[in-house]
Amino acid sequence: MGWARTAAMAALAALALLCGAAGAGAQAARAGAEEFDFYGVRFGMTPEQVRAALPANATGTEALEPKHGMRYLQFVYDYRNRVGEIRASYERPADGLRESALRLALKERFSQPVTARWRDISVALDETSNRAAITLVIVSQAMRQEAIEHFRDEFLRAME
């Protein structure tokens, strides 16, 4: 009986440790999402904050001097006028092998590490909206969901 009780207590202690670690992991994931930045721009920034972080147009929607191999760097704001999406476009190489290499480099540099570290952030490659570029699209899923709920509520109120 003593052995079974000791084993049960050990199992409960292990479960408590696992739950604590899972909670700490969730907190770290939330904290990580707050720390994410793309060359100085973070989700939730206002146009004024974006313009203070880098040279941008008057509305803060486009970087004037994109660096790091980008052709364009654009910011999409949500209903509260906060950055909720970052779009970085890279010129599409004319050579098919170089295009494949660019796609692979973007995935290795951004898609894989960002989505592994920040679960709330999605990263996709948009290859259809601009034939001259491959666009890296980085989205805060929490901000996106909040905006969807905000606009859904607006539609529901209008339907009353």
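Could you tell me which of Leu104, Leu156, Gly84 has its Cα farthest along the dipole of the stretch 67-160 towards the positive end, charges placed at Cβ (Lys, Arg +1; Asp, Glu -1), taken about the Cα centre? Final value for the positive-end residue is Leu104. Our summary of shape: the Cα atoms of the stretch 29-103 have principal axis extents of 41, 33, 20 Å, ordered from largest down, in whole angstrom. Taking each residue as 0.36 nm, the span from Tyr72 to Thr46 lengthens on full extension beyond its C-alpha to C-alpha distance by 7.4 nm. Here the spin labels are modelled as points 7 Å beyond Cα on the Cα-Cβ line, and at Thr115 and Glu127 they lie 1.4 nm apart.
Every read-out reported here was derived from the displayed coordinates using simple, explicitly stated rules and does not represent laboratory data. Not measured: the values here are computed from a predicted model. FYI the Cβ positions are ideal-geometry reconstructions off the backbone, even for glycines, and counts take in every protein chain you see.
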